[in-house]
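Notes for the one structure printed next.
What follows is calculated from the coordinates using simple rules that are stated; it is not laboratory data. Here the structure is a predicted model, which is why all the values come from computation and not from measurement. No Cβ is skipped: glycine too gets one built from the backbone with ideal geometry, and neighbour counts run over all protein chains shown.
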Amino acid sequence: MNVTINDITIPVPENATLLDALEAKGISPQGIATAVNGTVIPSASRADTKLNEGDKIVIIKAFYGG
């Protein structure tokens, strides 16, 4: 099945979780915020959040600057 991470479509296995999708894309789960279809998913729930065909995942990475 296909999901979208920050506007890039990637294939993931059926029954994949949010954590599976992050791993498939090579994204470290530390220091990021995640949302699926507009709903924020806490880091503790990523391994339990099942994805569906066409889900839209947004990843925001914290950074410092000034």
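Worth a mention:
- Other residues with beta-carbon under 10 Å from the beta-carbon of THR49 carry, at +1 per Lys or Arg and -1 per Asp or Glu, a net charge of -1.
- Virtual paramagnetic centre 7 Å along Cα→Cβ of ASN52, amide N under 16 Å, in region 1-25: 1-4, 14-18
- Remark: the ALA35-ILE10 segment gains 7.4 nm on full extension, using 0.36 nm per residue and subtracting the alpha carbon distance.
- The mean sequence separation of alpha-carbon pairs under 8 Å and at least six residues apart, normalised by the residue count of the chain, gives a relative contact order of 42 percent.
- Packing, as the average of other Cβ atoms within 10 Å across residues, places the peptides 48-59, 33-44 in the order 48-59, 33-44, highest first.
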